[in-house]
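One structure below.
The values are calculated or read from the model by the stated rules, or taken from the named source; none is laboratory data. Everything quoted here is computed from the prediction, not taken from an experiment. For neighbour counting, all protein chains shown are included, and Cβ atoms are generated from backbone atoms with ideal geometry for every residue, glycine included.
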Amino acid sequence: MNAPTPGPAHLSAALPAAELDAAALARLHELDPDGRQGIVQRVLSAFDSSLTRMLVQLGADPDRSDAAVVAALAHQIKSSAGAVGALALSAACAEVERRLRDGQPGDLAADVRRLVAEGEAAREAVRAMLRA
């Protein structure tokens with residue numbers, strides 16, 4: 001049996017404000033106010049799993065990354081990161097995706113390293129929430 005999901009005040013206190021957005025977490029909590037369905041934990045767990053998989057793809061060889069693959073992964077990560085409140089990761093993905101879609105690759109290896117670093121920070125924040 002799942003323990004009840006903590007309310008939004010507890011969610012924002014569990015992590016540094018810069019990591020996960022309290023408003024996004026509150027919106028998730030509204031889907032399951034009493035926590036009986038475990039929606040917040042399930043969403044965070046699913047995000048953690050998919051982000052882990054995509055970070056492996058991104059970071060496999062940053063110096064030999066393909067711009068189309070990086071843009072596609074950035075697109076996939078962008079909205080789910082926003083939904084769980086990983087706003088810095090979502091914004092970084094949006095910026096990289098937009099530039100790559102516009103045909104401006106810039107320093108692709110640096111972009112990949114940035115996305116991986118932001119993703120790792122978001123993943124740690126999510127895992128801290130799951131442990132709380």
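Here residue 112 fulfils each of the conditions (1) crowded, with 22+ Cβ neighbours inside 10 Å; (2) closer than 14 Å to residue 48 by Cα apart from (2).
Checking each residue in region 77-132 for being touching a helix residue (DSSP H, G or I) at 6+ places or on another chain (Cβ under 7 Å), of a type in the set (Gly, Ala, Ser), more than 19 Å from residue 47 (Cα to Cα) and outside any helix (DSSP H, G or I) picks out only 106. Taking region 90-111 as the range and being charged (D, E, K, R) and more than 20 Å from the chain's Cα centre (by Cα) as the test, the residues that pass are 101, 102, 107. Looking across region 28-37, just one residue is part of a helix (DSSP H, G or I) and without any contact (Cβ under 8 Å) to a residue 24 or more places away in the chain, and that is 30. Which of the following residues is modelled with pLDDT of 95 or more, on the phi > 0 side of the Ramachandran plot and either out of contact with any Ser or Thr (no Cβ under 6 Å at 6 or more places or on another chain) or β-branched (Val, Ile, Thr) (or both): 85, 106? Sole residue among the options that is modelled with pLDDT of 95 or more, on the phi > 0 side of the Ramachandran plot and either out of contact with any Ser or Thr (no Cβ under 6 Å at 6 or more places or on another chain) or β-branched (Val, Ile, Thr) (or both): 85. Could you look through region 48-76, keep only residues that are assigned to a loop (DSSP other than H, G, I, E, B) and out of contact with any helix residue (DSSP H, G or I) (no Cβ under 7 Å at 6 or more places or on another chain), and pick out the one that is nearest to residue 108 (Cα to Cα)? Among those that are assigned to a loop (DSSP other than H, G, I, E, B) and out of contact with any helix residue (DSSP H, G or I) (no Cβ under 7 Å at 6 or more places or on another chain), it is 66.
Under the condition of being at pLDDT 90 or above and within 9 Å of residue 112 (Cα to Cα), which residue from region 56-74 is surrounded by the fewest Cβ atoms within 10 Å (Cβ to Cβ)?
58
Of the residues examined, residue 40 is not one that is in a helix (DSSP H, G or I), of a type in the set (Val, Ile, Thr) and surrounded by fewer than 17 Cβ atoms within 10 Å (Cβ to Cβ).
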